[in-house]
1. All other residues with a Cβ under 15 Å from the Cβ of Ser42 taken together, and with Lys, Arg as +1 and Asp, Glu as -1, what is their net charge?
2. Just to verify a number: FRET efficiency for Arg126 and Val30, C-beta to C-beta distance, R0 = 25 Å, to 0.05?
3. Place the peptides 122-132, 39-49, 159-169, 203-213 in order of packing, highest mean first, counting for every residue the other Cβ atoms within 10 Å and averaging per peptide.
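We did not get these values from a lab; they are worked out from the coordinates using the rules stated. These figures come from a predicted structure and were not determined experimentally. Heads up, the Cβs are rebuilt from the backbone with ideal geometry, glycines too, and the neighbour counts pull from every protein chain shown.
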Amino acid sequence: MSDDSKAVRRSVHDQVRDHLHEEIRSGRYVPGKSLPSERELSTRLNVSRNSLRQALASLEAIGVVQTRHGSGVYLRAAPSDDAVVRVADVLLNSDRSLENVVEARLAIEPFIAGVAAERHTAENLRLLEESIETSYESARSDGSPRRTGFHSCIAEMSGNPVFGGIVRSLLIGSRGAPRMAAADPGQRQVWLNDHEHIFEAVGDRDAKAAQRLMTTHLTGVLRTALLAQDLRTIEEDDSASIEN
């Protein structure tokens with residue numbers, strides 16, 4: 001199969017993400033400054049706002065941009081390097097399920113949370129608290145969870161840039177999880193509570209508690225992914241029965 005035929009199957013938001021990232025690398029946008037508004041970008045790129053938002057969420061997950069609630073999307077002063085994006089591309093374009101990616105996160109992130117509890121700084125903790133506040137603001141405003149950088153912050157608090165790159169890449173692969181939570185307000189609240197408990201354990205420098213709470217949190221995310229997969233299978237079976 002040619003490269004052209006593979007490119008055709010890439011989703012619109014992946015193409016928008018790649019285009020924006022190339023513009024960022026070319027110096028079109030100034031680090032630390034806001035990107036153009038959603039309306040301006042969607043009009044210029046001739047895409048829907050939904051596709052644009054998904055593209056921006058992917059860029060935020062790998063640390064290229066940062067969403068400031070009520071203010072806009074800003075280019076980070078020190079965006080992620082290309083290695084993170086290459087790993088993310090492998091995850092996005094390989095034959096993997098959301099379950100696979102969340103399972104990988106479950107194997108990695110609890111350990112990282114424990115390291116973060118031992119090594120974090122006061123500034124790290126402040127940024128983590130801000131990410132939680134942004135999550136609650138998003139839920140109150142429109143009920144939809146957004147990438148607020150909580151898990152990326154935890155990885156950065158470890159002081160190990162390799163952890164940061166791995167987690168940001170995995171976050172792109174599991175971006176379907178927030179959409180699942182949006183359909184269930186109860187589940188969304190559980191995840192928000194999980195984040196608060198993890199924050200408290202990290203702040204207390206309780207590595208064991210941070211590991212345990214992150215494990216519990218991601219186990220819940222994995223359970224949600226498996227349930228969604230089962231529901232899709234049932235819907236497909238029902239559809240096939242109707243057609244037959």
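1. Values: positive: Arg17, Arg39, Arg44, Arg49, Arg53; negative: Glu23, Glu38, Glu40.
Neighbourhood net charge equals +2.
2. Between Arg126 and Val30 the formula returns 0.55.
3. Ranking, from highest mean packing down: 159-169, 203-213, 122-132, 39-49.
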